[in-house]
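Reviewing the structure listed below.
The values are calculated or read from the model by the stated rules, or taken from the named source; none is laboratory data. No experiment lies behind these values; they were computed from the predicted model shown. Please note: Cβ atoms are built from the backbone with ideal geometry, for glycine as well, and neighbour counts cover all protein chains shown. Only protein heavy atoms, including side chains, enter the accessible area calculation; ligands, DNA and RNA are left aside. Shrake-Rupley method; radii C 1.70, N 1.55, O 1.52, S 1.80 Å.
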Amino acid sequence: MSRIFVFLGIPGAGKGTQAKRLSNDLNIPYIGTGDILRRNVQEKTPLGLKVKELLDRGELVDDETMIEIIKNEIKNTDSFILDGFPRTVPQAKALDNLLNEFGKKISCVFFLDVSDQEVIKRILARYSCVSCGKEFNLYLDEISDKKCPVCGSELKQRSDDNEQTLKERISQYRTKTQPLVDFYRQKDLLKVIRGEGSPDEIFSQIKKVISRYDNN
Ligand SMILES: [Zn+2]
């Protein structure tokens with residue numbers, strides 16, 4: 001059975017966490033475009049060098065390159081989870097064309113809906129270890145003592161943003177994400193998940209939606 005899931009949500013909604021968890025749970029590949037781009041930049045592959053050049057100039061990776069990446073990732077698998085792509089309606093249409101080419105289609109699109117207040121709380125909860133450098137979220141990782149769960153050293157806050165700049169950034173993200181949400185809603189693929197509550201609670205909502213889909 002082919003299962004293709006797409007995760008949408010503004011940064012801080014926790015979609016990466018949930019998408020990876022679902023990937024483990026269903027034992028299907030997680031395709032996170034952020035991870036793929038970062039890996040290529042680190043390994044200095046031809047793609048990575050191109051991406052780095054674009055990012056250094058403050059530009060985004062073009063749709064054609066993104067589609068090429070996705071194509072490579074999905075050509076040999078029937079089931080997968082997409083995180084970080086598509087980001088725009090033209091990308092979503094390009095993805096549809098690509099899936100058509102392979103005779104596949106999206107099972108459903110999860111939109112993790114979280115309030116500004118909640119997102120701000122989570123972003124301000126991002127910490128990293130002063131000693132081993134590992135990154136944690138006090139809130140999502142349920143850390144109450146600001147000590148690194150790996151090595152026991154002190155954790156320090158990563159973001160120097162204040163609430164006002166975060167609010168402005170969130171509002172920009174909402175404006176960008178909305179057309180994509182509308183696009184998938186019109187196609188009747190959108191499942192809105194209330195992204196508040198513990199990671200476990202959110203995950204069980206996602207699983208409920210999938211079990212309904214599996215029974216159809
Ligand atoms: Zn540490």
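Assorted remarks:
- When the helices (runs of 4 or more DSSP H) confined to segment 53-143 are screened for residues that are modelled with pLDDT of 95 or more and either more than 16 Å from the ligand (Cβ to nearest atom) or within 20 Å of the chain's Cα centre (by Cα) (or both), those reaching at least 3 such residues are found at 89-101.
- Flag set for Asp161, criterion: part of a loop (DSSP other than H, G, I, E, B), away from the ligand (no atom under 16 Å from the Cβ) and within 23 Å of Arg126 (Cα to Cα).
- Filter pass, Ile202 being in a helix (DSSP H, G or I) and under 30 Å from Ile4 (Cα atoms): yes
- All conditions but one from (1) closer than 30 Å to Leu166 by Cβ; (2) in contact with a strand residue (DSSP E or B) (Cβ under 7 Å, 6 or more places away or on another chain) apply to Ile74; the one that does not is (1).
- For segment 1-18, filtering for residues that are within 16 Å of Asn100 (Cα to Cα) and surrounded by fewer than 24 Cβ atoms within 10 Å (Cβ to Cβ) leaves 3.
- Only a single criterion out of (1) outside any helix (DSSP H, G or I); (2) farther than 19 Å from Leu95 by Cβ is not satisfied by Asn40, namely (1).
- Pairs, first open to solvent by less than 80 Å² (accessible area, probe 1.4 Å) in segment 146-163, second in a loop (DSSP other than H, G, I, E, B) and away from the ligand (no atom under 11 Å from the Cβ), C-beta under 8 Å, six or more apart: Leu155/Leu138; Leu155/Ile143; Leu155/Lys146; Ser159/Leu124; Asp161/Leu124
- Scan of segment 4-31 for residues that are over 20 Å from Asp113 (Cβ atoms) and either at pLDDT below 95 or of a type in the set (A, V, I, L, M, F, W, C) (or both), ordered by number: Ile4, Leu26, Ile28, Ile31
- Residue selection: Arg185 fails the criterion of being surrounded by 12 or more Cβ atoms within 10 Å (Cβ to Cβ), modelled with pLDDT under 90 and in a helix (DSSP H, G or I).
- Residue pairs whose Cβ atoms lie under 8 Å apart, separated by 6 or more positions or on different chains, with the first residue in segment 66-83 and within 10 Å of Ile4 (Cα to Cα) and the second among the small types (Gly, Ala, Ser) and open to solvent by 10 Å² or more (accessible area, probe 1.4 Å), are Asp78/Ser2; Ser79/Ser2; Ile81/Ser23.
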